[in-house]
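Heads up: the structure comes next, in structure tokens.
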Amino acid sequence: MFSYHPEVKEALATKKPIVALESTLITHGFSYPDNLNVAHAIEDTVREHGAVPATIAILNGQIKVGLTADQLEYLATTKNARKCSRRDLPLAIALKMDGGTTVAGTMVIAYQTGIEIFATGGIGGVHRGHAHDVSTDLIELGQTPITVVCAGMKAFLDLPASLEFLETQGVPILGYGTHELPAFYSRQSGLAIDQHVDNPQTVAEIIQARNNLKLKNAILVTVPVPQADEWHTDQAQHVIETALDEAMAKNITGKAITPFILERIAQISGGVSKQANKVLLINNASVASQIAIALHGM
Ligand code: PSU
Ligand code: MN
């Protein structure tokens, strides 16, 4: 069921530092060719740091851990990929589908593969005005011992409710170089995190302590978008609200909400949101690589 890219296979066998990467951002987060370019830029960042990237996806029902350039291109251009969270994995495999794995879907596969560090953009959360629409990402963080590096929850979500949910699930939230929760496109949310950290070694020590305690929760490392490409909350807020209203008016629900809103925000903001999203993805991949290397050296 699992098929490994030779580079990843070798890295697993020789215990090199590996960073797992998700693929919903390729199939549903960005459109072509932005999706392909950003996927390559993320992988290149991981390699530049001396770690091995493992982009996870499903191709024709096979779980791919690490993709070739051709497979990345295919995934970036196909129109039929399923957005695969935990519940979708058995369906996509049995019915031989193509799929982009979400944060939850990628965590499941990374854990079973033995990859400990995973970089993404923004995790899912509790949707505003839909207190029962809780992303599976939050549940997965409560039950799978992976370390997820992100820029917080996506800014159009209910951030306080999402934080409460993670607290209930026992997920420690670290602020990497920040004392507050980043808000995806912007650096500040005014919400507290559990612990400020400022170097990869400290994160690796926290991961090791979690492992020694045999706790099954993920650790969430939140990293603010670099200042130069930040999209400030006061400007973003109006655009986000417009996109949310449109989703409501069009009755868009379930797994379609997040891709719809990301796309509308990108259109209305004239690409400003996309630029912030790309830069934060690359920055998160850089931090994740440094953590993978620190963990490897322990
Ligand atoms: N980060 C990005 N772009 C994305 C996502 C994350 O920069 O498209 C994806 C992740 O795969 C995440 C998903 O798991 O959005 C959340 O979807 P939902 O809200 O339906 O759970
Ligand atoms: Mn949802």
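The values are calculated or read from the model by the stated rules, or taken from the named source; none is laboratory data. Computed from a predicted structure; not experimentally measured. With ideal geometry, Cβ positions are generated from the backbone for all residues, glycine too; neighbour counts draw on all protein chains shown. Note: areas computed on protein heavy atoms with side chains; ligands, DNA, RNA excluded. Shrake-Rupley method; radii C 1.70, N 1.55, O 1.52, S 1.80 Å.
Structure values in brief
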| quantity | calculated |
| --- | --- |
| Share of carbon and sulfur in the accessible heavy-atom surface of the chain [1.4 Å probe, %] | 53 |
| Percent RCO, i.e. relative contact order, over region 29-134, from Cα pairs under 8 Å lying at least 6 residues apart | 22 |
| Heavy-atom SASA rank of Thr222, Thr14, Thr136 (probe 1.4 Å, accessible area, largest first) | Thr14, Thr136, Thr222 |
| Among Leu36, Val126, Asn80 - extreme Cα towards positive end, dipole of region 1-134, charges at beta-carbon | Val126 |
| Around Ala51: net Lys/Arg minus Asp/Glu count, Cβ-Cβ under 14 Å | -3 |
| Alpha-carbon centroid distance for the pair region 1-48 / region 151-230, whole angstrom | 22 |
| Gaussian network model of the chain, springs between alpha carbon atoms under 10 Å - residue of His130, His232, His196 with greatest fluctuation | His130 |
| Share, in percent, of DSSP beta bridges within region 2-296 that are antiparallel, nearest 5 | 30 |
| Accessible area of Val272 in the full protein assembly, 1.4 Å probe (Å², nearest 10) | 70 |
| Met1 accessible area, assembled protein chains, probe 1.4 Å, Å² | 140 |
| Under the Karplus curve 6.51 cos²θ - 1.76 cosθ + 1.60, θ = phi - 60°, whole-Hz ³J(HN,Hα) for region 147-156, x wherever Gly or Pro sits | 9, 9, 9, 8, 9, x, 7, 4, 5, 8 |
| Per-pair calculated FRET efficiency, R0 = 51 Å: His132 and Tyr74 via Cβ, rounded to 0.05 | 0.90 |
| Length-normalised contact order for region 2-296 - Cα pairs under 8 Å, 6+ apart - percent | 20 |
| Other-chain or far-sequence residues with amide H under 5 Å of Val19's (modelled H) | Val52, Ala54 |
| Region 2-296: C-alpha gyration tensor shape, a/c 1.5 cut-off, then a/b vs b/c | rounded |
| Residue with peak Gaussian network fluctuation, the chain [Cα springs, cutoff 10 Å], from Gln237, Gln169, Gln62 | Gln237 |
| Heavy-atom accessible area ranking, 1.4 Å probe, most first, across Asp245, Asp98 | Asp245, Asp98 |
| Residue with peak Gaussian network fluctuation, the chain [Cα springs, cutoff 10 Å], from Glu73, Glu48, Glu116 | Glu48 |
| Solvent-accessible ranking of Met298, Met97, largest area first, probe 1.4 Å | Met298, Met97 |
| Summed side-chain charge close to Leu181 - residues other than Leu181 whose Cβ falls under 13 Å, Lys, Arg +1, Asp, Glu -1 | -3 |
